[in-house]
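The values are calculated or read from the model by the stated rules, or taken from the named source; none is laboratory data. As the structure is a computational prediction, the values presented were derived from the model and not from experiment. Cβ atoms come from the backbone with ideal geometry, glycine included; neighbour counts cover every protein chain shown. Note: accessible area is taken over every heavy atom of the protein model, side chains too, but ligands, DNA and RNA are not part of it. Shrake-Rupley method; radii C 1.70, N 1.55, O 1.52, S 1.80 Å.
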Amino acid sequence: MNLIKLFICLIFILFSTTVSAEFYKYVDENGNTCFTDDFNKVPEDQRADLEGYKEYESDTDTDTVEKKAMKEKKIQDDNENSENLETFHDRLNNTRLQLLEEYEEIKKEKEQNIEDRKNAKTTEDAWKANERIIKLNKRQEELKKKVEAFEAERKEYRKQIEEAEGKKK
């Protein structure tokens, strides 16, 4: 029995590890923003101020949250000139409501899975509940990244409001 418990603990430890990669952002001589995972490709004059970014591997087949956020940011940048503050505000509000809804959904599912794990009658039931919890943890990490992207957009919105108020004065 103790051997089984040890084996289960080892399995959880193995499945709980993440894979990460560090990459660097710099501006080349043409003024283009570049990303690389090789520190030696960064020009020497920019290495002192360089910050590394971490990207965590996702098991989903779809684009990662970061890629989606970058695509959305690019689309936002393209449309930003034509988008007025009111539509920007409405879009932010809708995004906020979607994030809250997703958070509540994840929270309810997680509570249900924890309850299922407590009430599991067989080892297989407990495994299934644990697998669902692991998947929910990944969804929670993705949600966290979406919230960070949302906060960046909110900062941009505040900046635009301040600029608009500055122009009015």
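Points to keep in mind about this one:
- Annotation for K41 and L3: the two label points, set 7 Å from Cα along the Cα-Cβ direction, are 5.0 nm apart.
- Solvent-accessible ranking of I134, I13, largest area first, probe 1.4 Å: I13, I134
- Filter on K121/K145; K41/K144; K5/K118 - keep pairs with C-alpha separation over 24 Å: K121/K145; K41/K144
- Where the Cα pairs of the range 96-136 fall when distances are cut into 10 Å bins, in %: 32, 43, 18, 6, 0
- In Å, descending, principal axis extents of the Cα set of the range 81-169: 69, 19, 16
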